[in-house]
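Every number in this text was worked out from the coordinates using simple rules, so none of it is lab data. As the structure is a computational prediction, the values presented were derived from the model and not from experiment. Glycine gets a Cβ as well: all are built from the backbone with ideal geometry, and neighbour counts include every protein chain shown.
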Amino acid sequence: MCYNTHMSYISLRAYAKINLCLDVTHRRPDGYHELHSIMQTIDLHDTVTLHKSSRAGIELSVDAKNVPGDAGNLAYMAAQAVFREFALAGGLRITLEKRIPVAAGLGGGSADAAAVIRGMDTLYGLGMDTARMREIGLTIGADIPFLITGGTAVASGIGEILTPLPRLPDCQILLACPRLAVSTKWVFEHLSPDEIQAHPDVAAMADAIRHGNLDAVIAHMANVLEAVTIARHNIIGEIKQDLLALGAQAALMSGSGPTVFAIFYDHAAAQRAKTAMQGEYDVYLTTPIGVH
């Protein structure tokens, strides 16, 4: 995080997330799905810069063509929510430098929104604790409460009930993202929780992380949304097989897709796989990071 001494602007990193495992237990009466997942932030990030403005209103500029630069953007919504919550005067200019692929299952929009909430807390001296920031974030998106702090955590409810875990043991994480967008809403609309054949053992994975046992973590990697997304986009299944053939210890779709992440123990092997996959897909080599 960097900011100037007079606090007229602040610049923050907004880190992407992967789902090491993701289960859906049932659809709630309110229409939301009850989730049970383990999320991990990774070093791939957007940069979010906030400038105080004397002119009322929110201005948003984004360096990616396929990202809305208006009230349809989660970062804009987050700023609106903080302005309302604290009746702040003046306005805000938000600049997003995007590196996280869009609609890719990596929480990029949610990460930007979380950074806006954290940044406005510092910029305006609001004194919010983590719980308050998460409450505001939850009104905008289910991944935002986790992304306020990142790190590693079990997420349940719709994503707002968080149990922190130690950081994932050191490893290389290779992301391969086919150039297509997947609607999370569409995936959940086509998911039938009562038809899920095998549910991930989230508790066993959490225990493996607590003990620093990466082999056991890998053994419990699973995502029940894969069946829905791969049925429509079979390229995701092909990417998984390609990554395993290139030496990955495991490969899994993140979130609702379409990004596939692969875990490698060996940096050289991960680099070779990145080289092999480049061109056909958007490929990123990254690492797990702790709470920020």
Ranking of 42, 144 by count of other Cβ atoms within 10 Å, fewest first: 42, 144
DSSP bridge pairs, the stretch 172-286: antiparallel proportion in percent, nearest 5: 95
GNM flexibility winner over the chain from 56, 115, 75 (Cα, springs under 10 Å): 56
The chain, helix-only ellipticity at 222 nm - DSSP H runs n ≥ 4, -39,500 (n - 2.57), divided by all residues, nearest 500: -9000 deg cm²/dmol
Spherically averaged projected area in nm², based on the convex hull that wraps the Cα atoms of the stretch 172-286: 7.4
Other-chain or far-sequence residues with amide H under 5 Å of residue 161's (modelled H): 156
Fewest-first sequence of 110, 192, 54 by Cβ atoms within 10 Å of each Cβ: 54, 192, 110
Viscosity 1.567 mPa s, 4 °C: Kirkwood-radius Stokes-Einstein D of the stretch 1-116 over Cα pairs, µm²/s: 83
Rounded to whole Hz, the Karplus (6.51, -1.76, 1.60) HN-Hα couplings of the stretch 10-19, x for glycine and proline: 8, 10, 9, 8, 10, 8, 6, 10, 10, 9
Proxy reagent accessibility, fewest Cβ within 10 Å first, across 17, 65, 274: 65, 274, 17
Cα gyration tensor of the stretch 162-207 - equivalent ellipsoid semi-axes, whole Å, descending: 25, 21, 11
Antiparallel bridge percentage (DSSP; both residues within the chain; nearest 5): 85
For peptides 148-155, 223-230, sequence by mean Cβ density within 10 Å, most packed first: 148-155, 223-230
The stretch 80-232: Rg to Rh, with Rh as the Kirkwood radius over Cα pairs: 1.00
Approximate shape of the stretch 84-160 as ellipsoid semi-axes (Cα gyration tensor, √5λ), whole Å, largest first: 21, 17, 10
Convex hull volume of the chain per residue (C-alpha atoms, cubic angstrom): 129
Across 98/274; 65/240; 17/185; 17/240, pairs whose alpha-carbon gap is larger than 26 Å: 65/240
